[in-house]
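Nothing in this text is a laboratory measurement; each read-out follows from the coordinates by a stated rule. Since this is a predicted model, take the numbers as computed values, not measurements. Cβ sites come from the backbone with ideal geometry, for glycine too, and all protein chains shown count toward neighbours.
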Amino acid sequence: MPWALESLRVQSWPYTLAVMDGGSVDNFTECIQNYDNIINYLQSCDDGGQANAIKIGKKIINGDIVAWLNADDYYFPETLSKVASCFQNNPWVDVVYGDAVHVTSEGNFISYFPAIQEYNQKTLFRRCFICQPACFVRRKAYEKAGEIDSGLRYTMDWDLWCRLAETGAKFLYLNEPLAAIRYYQGTKTLSGSRRRYWEIWRIERKYARRVLPWSWPGFYKFDLQFRDKKTFYEKYAFAFLNYLSETKRFLSGKYFLNKRYCMPLYGFDPFRDSVDRKCTIHLPWYGKRAWKRLYLGITPLDKNCDVMINGKTFPYSTIAENLIVVPLPMIKMPHITITIEQPEHASPWKLKKFEIDVAQ
């Protein structure tokens, strides 16, 4: 929660904030006291679940644009001003959504949210390509769609996007990094709950009119990607699903010329995490900013690789075949931009490790 609240404190655009807590017994009280100046409403009690708490919170606060942020997630420092400008410059738009980064529990970069694409209603009913923390909705459109469904636990965001689409809401994709989402074992998304898969199937039946849950393999592959310790069955399933994904990519590109499967995200191939020479990592950072070292695992690594941080080239040393360490000074800005560039002759490569070592 501290990073979520800190990411709001640095925003330059005005907002109204309701903090809805389900009755935490950890250090919630001590944490929240540091942010009294930005909180307009605070509730800490049994709230009937996340979706119901979000529904209540949206009724309590005012504002023409609504959104919600989970305690594990956080915004980039310039997010609200970018989104507000987008709504102001496009008065016909009801929903603005953008890019997001996946990070570890410590805030280290994992990947970009891969499913993102330009808006297409038919595709939205079959696959959720909108990342919830990076999505903002006009209140009038939200209310017209019937508000959030408090009976859902895992897919209330996707269900809301679909109902917004059914009521004629206009969507706009903002090609900017807006939010960070923590992914690690123990989060609700990666719980492997059967109820989550049932809710996914419910959306496919209701909006896409699909009898069979065709999206299950994609969601299961995504879940396995973030699972540290896989069973023998899970390893086999993950390899098989990767094979099916690559086959689909090939057929889409060769026979249907579907560019969605090969559009790079800041240099990364979204579904294979490979890079063709150069990539840029946008990373919000609100923790201890006294960075000591940055570890990058690059496979294969060309010794003439360049690493730039916030526009400045940094020297590094190679400590293993495909692992480099970059000594760093104190980082004072909450938005870090890291560019990794291999020489022109270098073959496509993958980022296998990204880890920040901070001073205690």
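Rounded to whole numbers, the Karplus 3J(HN,Hα) couplings from phi for the stretch 152-164 are 9, 10, 10, 10, 5, 6, 4, 4, 5, 4, 5, 5, 4 Hz, using 6.51 cos²θ - 1.76 cosθ + 1.60 with θ = phi - 60°, and x at Gly and Pro.
Sites listed here are chymotrypsin sites (Phe, Trp or Tyr not before Pro) in the stretch 52-143 whose DSSP assignment is loop and whose Cβ has at most 10 other Cβ atoms within 10 Å: W92. For S12 and I319, the difference between the fully extended length at 0.36 nm per residue and the C-alpha to C-alpha distance is 106.4 nm. Peptides 311-324, 51-64, 167-180 ranked from most to least packed by the mean count of surrounding Cβ atoms within 10 Å: 167-180, 51-64, 311-324. In order along the stretch 116-121, the Karplus-derived 3J(HN,Hα) couplings, from 6.51 cos²θ - 1.76 cosθ + 1.60 at θ = phi - 60°, round to 4, 6, 4, 5, 8, 4 Hz, and Gly and Pro are given as x.
Multiplying the residue separation of K350 and S105 by 0.36 nm and removing their Cα-Cα distance gives an extension gain of 86.1 nm.
Overall shape: rounded for the stretch 2-195, with the ratio a/c of the largest to smallest alpha carbon gyration tensor axis below 1.5.
What pairs from K144/K206; K235/K278; K230/K353; K230/K292 go past 21 Å between their alpha carbons? Violating the 21 Å limit, Cα to Cα: K235/K278; K230/K292. The residue list A346, I298, P327 was ranked by how far each Cα lies along the charge dipole of the stretch 274-358 toward its positive end, using unit charges on Cβ atoms, and P327 comes out on top.
In this structure the amide hydrogen of F113, modeled in the peptide plane, comes within under 5 Å of the amide hydrogens of A100, V101, H102, none closer than 5 places in sequence on its chain.
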